[in-house]
Amino acid sequence: MKTDKLSSMGSEPNGSFAALIRKRQTWLLLAGILCFVLLPRVGGQYTSYLVLTFFGYGVALLGFNLLFGYTGLLSFGHALFFTSGAYTVSYLTAKFAIPYMEVSIVVAVVVAVVIAALIGAICVRYIKIYFALLMLAFGMLTYSFLIKFYYITGGDEGMPVLRPHLLGFDLSSMAKMDFLTGWYYYYVLTVFIIATWIMWRIVSSHFGLALRAVRDNPEKAYYLGIDVRRYRWYAFIISGAYAAVGGALVAPVIGNVDPTLTYWTHSGTLVFMTLLGGFTNFLGPLLGGLVYIFLQDGVMSLLHYWRFVFGAMLAFIVIVAPGGLAGAIELIANKYCAKKGA
Amino acid sequence: MILSANEIFKSYGDFGVLAGVSFQIHEGEFVSIIGPNGAGKTTLINVLTGLLKPNNGKVFFKDHDITGIGPAKLSRLGMARSFQLVNIFPTFTVMEFIKLGVLSRQGKGARFYAILKRDREVNEEAEEVAQIFHLEDKRDVQAKNLPQGDKKLLDVASAFALRPEVILLDEPTSGVSTSEKNKIMEILIDASKKMGIKSIIQVEHDMDLVFGFSDRIIALHSGKVLADCTPAEMEKNEAAMCAVVGEKGCFKICSSLLE
């Protein structure tokens, strides 16, 4: 009996604190968080600004990958939820004069849940390419809606996003970059960490296992009592809410929301980031988002043809490293460990 | 009586598959459904498990009308199935696979903020099922890396983890070597005793297994029940034996019998 317990502890991470501090991953994670915390002090304003954008996208990517990596549904219109989140902040701060960021985030989630529940009810009836194209269609529908209904949405010029109050504090006297890479940076970092924690709980939960079952083999899952369509729908709604929070966090950074946010290339960016980082790993999409944002920044300043470079990279990933960066790192780490063992 | 099929008709377009199938399954029975390819066995199972809605006729399970209600609801009522072809979640470990059945039965599938690994109820029950099926040593092996026989067992084990009253086994030993077949059947019988399964219905081609384990045999041919009797009676029923073994000239006898 005793040996049984020991062997299961080695293979399955145990919940206790003692087991947690013995694991290397925990320390790596803490080191990562510490880097993010210290960055505005040591890394310079521009780098912090880029990382700030990453936090927003990171939350959206976590949601996107719950649907893609864990449920097996590739959405090609997920920027739609990102946009709904961003427009919510714009509406609340600029039109309704409700400057509180917390209110913006909550409303963004509510709006996204309603939209996702409706669109999802239609879309989850389909899978694979049909699902992807249907989502693409909904994304582009939103795009034309935002362009055409000028009086509600500001048309192609979009709408401004006023500086939000954080935890009730009015910080409008600060210079823009100081605000963004100061208080706002830590605010978004906190939301990012909480969102990542919650998503980790979701994928480690009973529901998470059921979603993976739906992805791997819907027929078998159905016979094991999992209502496949309903579970896809749940995943879709959670995913939409996450993307909306991401959009809401990014909105004050860009300062103005416009319809290009929901253009299909922006949905494509989310797909690209996820593939780049690796969708089979929980942290993969985050890694992909971070690398993408820095690469884009670097390549854009050097070359006019940055899209060409990114296209070539995408082809390279799909052919050579389908597991993305995270997959490649895992492979190398495993090889290294095997060598060390031998 | 725990399960009954009443006058089931099912056709795909103009192509009729089941032409009025009726039978009853009682508690404690081990029933085998046999028949040549194209007799409608798989369609029958799909109708019995509520996946397909028949064009006509009804299926009752413990006084519930389960015609076309779908496998997920049916699993909650107490009926589960395994599959003819290996039907697994390739990336799941053995334990995850069994846990999925367990958590589904416990109605915890939608718990999205509980850590599965800390759920003692699920883990203990999954452990029990793994031991019954002799899979406990392979707990962390990915399903796709298991040998064929174990894949089959795992498929069945996850269905048993639902603790059904009636289990439908669609060729539980197909694709498995002859020496392993009996071993798998013995584990299955042993498991159903330990887990309180009331009735087993199996579709099987291997006549040794059919005659060795069944209380009753239902022979299906061209979408109709050709014979419904004990193994001993079946051996005397030339026409049905003939249809099942499928020798030349049999078709005539069978067709004449059906008319």
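Only the coordinates and a few stated rules stand behind these numbers; no lab work does. Worth saying up front: this structure is predicted, and the values here are computed from it rather than measured. Note: ideal-geometry Cβ built from the backbone for every residue, glycine included; neighbour counts use all protein chains shown.
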Check: Where q = 0.12, 0.19, 0.22, 0.23 Å⁻¹, what log10 of I(q)/I(0) comes from the Debye formula for region B:1-54, counting one point per Cα?
Finding: -0.28, -0.67, -0.89, -0.96
Item checked: FRET efficiency for A:Ala31 and B:Gln106, using Cβ-Cβ distance with R0 set to 41 Å, rounded to 0.05 -> 0.60
Next item on the list: Compute the acute angle (0 to 90°) between the alpha-carbon long axis of helix A:2-11 and the principal axis of greatest extent of the alpha-carbon atoms of chain A; round to the nearest 10°.
Entry: 40 degrees
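Nothing charged except the Cβ atoms of Lys and Arg (+1) and of Asp and Glu (-1): what's the magnitude of the dipole of chain B about its Cα centre? Round to the nearest 20 debye.
Charge dipole, chain B, about its Cα centre: 860 debye, nearest 20.
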Margin query: Counting just the Cα atoms, what span does chain A cover along each of its three principal axes? Round to the nearest Å and put the largest first.
Written below: 68, 50, 43
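Taking the Cα centre of the protein assembly as shown as origin, work out the dipole magnitude from +1 charges on Lys and Arg Cβ and -1 charges on Asp and Glu Cβ, in debye rounded to 20.
With only Lys, Arg, Asp and Glu charged at Cβ, the dipole is about 1340 debye.
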Check: Whole-Å semi-axes of the protein assembly as shown's equivalent ellipsoid, largest first, each the root of 5 times a Cα gyration tensor eigenvalue?
Finding: 55, 28, 21
Next item on the list: May I ask for the longest run of chain A untouched by chymotrypsin sites (Phe, Trp or Tyr not before Pro) that are loop-located per DSSP and have at most 16 neighbouring C-beta atoms (other than their own) within 10 Å?
Entry: A:150-304
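Tell me whether chain B comes out rounded, prolate or oblate; compute the Cα gyration tensor, take square roots of the eigenvalues as a ≥ b ≥ c, and use a/c under 1.5 as the rounded threshold.
Prolate, since a/c reaches 1.5 and a/b exceeds b/c.
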Item checked: Scattering curve values for region B:110-221, log₁₀ I(q)/I(0), Debye with Cα scatterers, q = 0.16 Å⁻¹ -> -0.79
Notebook entry, point to check: Counting each DSSP H run of 4 or more residues in chain B as -39500 (n - 2.57), what helix-only mean residue ellipticity at 222 nm follows after dividing by all residues, to the nearest 500 deg cm²/dmol?
Noted result: -11500 deg cm²/dmol
Check: In chain B, which whole DSSP H runs stretch at least 15 Å along their own axis (Cα) and average 0.0 or higher on the Kyte-Doolittle scale?
Finding: B:94-105
Note to self: Using the Cα centre of chain A as origin and beta-carbon charges of +1 (Lys, Arg) and -1 (Asp, Glu), tell me which of A:Trp264, A:Trp197, A:Ala132 is placed farthest towards the positive end of the dipole.
What the structure shows: A:Trp197
Notebook entry, point to check: Hey, if you drop one equal point scatterer on each alpha-carbon of region A:128-216 and run the Debye formula without solvent, what base-10 log of I(q)/I(0) do you get at q = 0.21 Å⁻¹?
Noted result: -0.96
Notebook entry, point to check: What whole number of Å gives the distance from the Cα centroid of region A:124-202 to the Cα centroid of region B:80-145?
Noted result: 38 Å
Check: Hey, what angle do you get for helix A:228-254 against the long axis of chain A, alpha-carbon based, 0 to 90 degrees rounded to 10?
Finding: 50 degrees
Next item on the list: Classify region A:158-307 as rounded, prolate or oblate from the Cα gyration tensor: take a ≥ b ≥ c as the square roots of its eigenvalues, call it rounded if a/c is under 1.5, otherwise prolate when a/b beats b/c and oblate if not.
Entry: prolate
Margin query: Apply the a/c threshold of 1.5 to the C-alpha gyration tensor of region A:21-82 and tell me whether it is rounded, prolate or oblate.
Written below: oblate
Next item on the list: Beyond 29 Å between alpha-carbons counts as too far, so tell me which of B:Lys73/B:Lys198; B:Lys181/B:Lys236; B:Lys151/B:Lys194; A:Lys220/B:Lys53; B:Lys62/B:Lys236 fall in that bin.
Entry: B:Lys62/B:Lys236
Notebook entry, point to check: Taking every residue in B:137-149, how many Cβ atoms of other protein chains lie within 10 Å of its Cβ, on average?
Noted result: 1
Check: If you put +1 on each Lys and Arg Cβ and -1 on each Asp and Glu Cβ, how big is the dipole of region A:52-271 around its Cα centre, in Debye rounded to 20?
Finding: 620 debye
